[in-house]
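Encoded as structure tokens, the structure appears first; notes follow it.
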Amino acid sequence: MKVVYLNHCSSQAIFLRRMLLFLVPVCISFTACIQHAKTDAPQSDTAAITGEYSPALTFAPNVPEARNNMTPKKVIVEIEVVEKIMKLDDGVDYTFWTFGGKVPGPFIRVQEGDEVELHLSNNANNKMPHNIDLHAVNGPGGGAAATLTVPGHTSVFSFRALNPGLYVYHCATAPVGMHIANGMYGLILVTPKEGLPNVDKEFYIMQSEFYTKGKNGEPGLQPFDMDKAIKEQPEYVVFNGSVGSTTGTNALQAKVGDRVRIYVGNAGPNLTSSFHIIGQIFDKVYNEGGSEINRNVGTTLIPSGGTAIVEFVCREPGTYSIVDHSIFRAFNQGAMAQLVVTGSADKNIYSGKIADEFYYPPIPNDTGSKNKLAPVPVIPELSFADRFKNGHVLFESNCGACHQSTGLGVPGSFPPLAKSDFLMGRKDMGMGILLHGINNESITVNGKHFQGVMPQLPLADDQIASILTYVRNSWGNKSAIVKVSDVKNMRNQ
């Protein structure tokens, strides 16, 4: 009996030990889950509001100053919706639907914990009802239902800015895509309680698409094309509402040594942006406008309806092109802005061109050796017809991407060559431009201002003569043949 009792006790002990081995990790896991749930629980900062104010609202590319006050306040934001005809491109008008009369709408800057009271007024002369959906709102529709407003009325609602970050706002009245495509969007920044690090310059850039009945560049008042919008085939992809809005005299301005922060939004309504500044590296990118920071980035993706905050230090003077690196959008549809940096150059950082020499590839000699260089060819003078024909081919491969096969250029970015008073009025017939390039020179072509930036092209004298003969005798231009001897003389000056 004693043996049986001991065996029975032993079995119970084994059973209890096994249960403990099972239950302990389960309890630990359960406790961890509770703690994790507490950690990820919604953080609701509804501290007492102390006072109220109406913030400064700025339009692109300007950004309002930070408040630098850690106490939550009631922030009263008033925005009027205005439907109006404005310029989309040179000679191209469009009926924009706007927040505040401009595209994009005003930059709204509040602080984490603020109570935002938004007043949305729909101008009595408008034809459509409108509303506003702010991605910074915790609540159904981002405020869209609460702000649905017919012409001649004002709607009011409020929300607590609980999550710091950069957010898009847009109209969400049906059809939503059409309201966004017509220009109804902007950015709202919820600054974290501790603030953002100080920088020297802040800018506001927003990308969007326009779907017009007419093709890109077709003049006149262009209506919206729903079929192109559904197929995601925009005629224009632009920064800050129109082609050339942030180039030339409207370019962003900074100095060597400045730390620059750009708040970037992508209104869409369809395309993802590959945001890039040619010749700059973002040493900080706030991914999707949130708290996570990525470093040393060349190009950052911004989804439709999304944002990013990029920072960099201006190290070298010059004109920098800001583009959507889905590159045909930049050079053919308008997604280009400019940053002009002034100051002293540092050759240790960027040398510029050190040399430009003719290259004659080695050719095999009679014994098969590849060390012998090709002799310098003697270029005969061609007839006007041959020079023109060769120039056409050379132009398309070297110049057509920027100045276009029509010679019309890209408005706001690359000047036209067609009927160009600037080109045709030059005593050097344009040879100096192709020989030496243009380095950040302010030029006026056919009454329009351009910040001239053109690299020095590695072209032989014969090629330059052919290109200029073609250009100076196309698209309404008329001139004499440009000879190789003319180019040689200019090169030797």
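The values are calculated or read from the model by the stated rules, or taken from the named source; none is laboratory data. Since we're looking at a predicted model, the values are computed, not measured. Cβ: placed from backbone, ideal geometry, glycine included. Neighbour counts: every protein chain shown. Side chains are part of the model used for accessible areas, which takes the heavy atoms of the whole protein and leaves out ligands, DNA and RNA. Shrake-Rupley method; radii C 1.70, N 1.55, O 1.52, S 1.80 Å.
Considering the range 211-239, and only residues there that are part of a strand (DSSP E or B) and touching an Asp or Glu at 6+ places or on another chain (Cβ under 9 Å), the residue that is surrounded by the most Cβ atoms within 10 Å (Cβ to Cβ) turns out to be Phe239.
For beta carbons closer than 9 Å, sequence separation of 6+ or different chains, a first residue in the range 342-361 that is open to solvent by 90 Å² or more (accessible area, probe 1.4 Å) and a second that is outside any loop (DSSP other than H, G, I, E, B), the qualifying pairs are Tyr350/Gly318.
The number of residues in the range 210-250 being under 20 Å from Phe275 (Cβ atoms), of a type in the set (Gly, Ala, Ser) and modelled with pLDDT of 95 or more comes to 3.
Would you check which residues across the range 161-184 are polar (S, T, N, Q) and open to solvent by 40 Å² or more (accessible area, probe 1.4 Å) and list them? Asn163, the sole residue that qualifies.
For Ala460, the criteria (1) buried (at least 18 other Cβ atoms within 10 Å of the Cβ); (2) more than 30 Å from Val243 (Cα to Cα); (3) among the aliphatic types (A, V, I, L, M) hold in every case but one, which is (1). Could you say whether any residue in the range 258-280 is in contact with a Cys (Cβ under 7 Å, 6 or more places away or on another chain), part of a loop (DSSP other than H, G, I, E, B) and open to solvent by 10 Å² or more (accessible area, probe 1.4 Å)? Yes, the range 258-280 has at least one match.
Looking at Glu316, Glu311, just one residue is in the same structural domain as Thr246 (by TED's automatic domain parsing), in a loop (DSSP other than H, G, I, E, B) and of a type in the set (D, E, K, R), and that residue is Glu316. Filtering the range 105-143 to residues that are out of contact with any Leu (no Cβ under 7 Å at 6 or more places or on another chain), open to solvent by less than 10 Å² (accessible area, probe 1.4 Å) and assigned to a loop (DSSP other than H, G, I, E, B) leaves Gly105, Gly113, Asp114, Ala136. Scanning the range 144-160 for residues that are open to solvent by 40 Å² or more (accessible area, probe 1.4 Å) and assigned to a strand (DSSP E or B) gives Thr154, Val156, Ser158, Arg160.
Among the residues of the range 364-382, is there at least one that is open to solvent by less than 80 Å² (accessible area, probe 1.4 Å) and modelled with pLDDT of 85 or more? Looking through the range 364-382, at least one residue is open to solvent by less than 80 Å² (accessible area, probe 1.4 Å) and modelled with pLDDT of 85 or more.
Considering Ser321, Ser326, the condition of being assigned by TED's automatic domain parsing to the domain that holds Asn250, among the hydroxyl-bearing types (Ser, Thr, Tyr), open to solvent by 10 Å² or more (accessible area, probe 1.4 Å) and under 21 Å from Thr249 (Cα atoms) is satisfied by Ser321 alone.
Close Cβ contacts (under 8 Å, 6 or more residues apart or on different chains) running from residues in the range 426-449 that are touching a residue at least 24 places away in the same chain (Cβ under 8 Å) to residues that are open to solvent by 70 Å² or more (accessible area, probe 1.4 Å) and acidic (Asp, Glu) comprise Val445/Asp421; Asn446/Asp421.
Counting only residues that are assigned to a loop (DSSP other than H, G, I, E, B) and open to solvent by 30 Å² or more (accessible area, probe 1.4 Å), the range 329-341 holds 1 of them. Give me the residue from the range 82-132 that is under 28 Å from the mean Cα position of the chain (by Cα) and among the small types (Gly, Ala, Ser) and, out of that set, nearest to Ala60 (Cα to Cα). Restricting to residues being under 28 Å from the mean Cα position of the chain (by Cα) and among the small types (Gly, Ala, Ser), the top hit is Gly105.
Restricting attention to the range 185-199 and to residues that are hydrophobic (A, V, I, L, M, F, W, C) and in a strand (DSSP E or B), the residue that is surrounded by the fewest Cβ atoms within 10 Å (Cβ to Cβ) turns out to be Val190.
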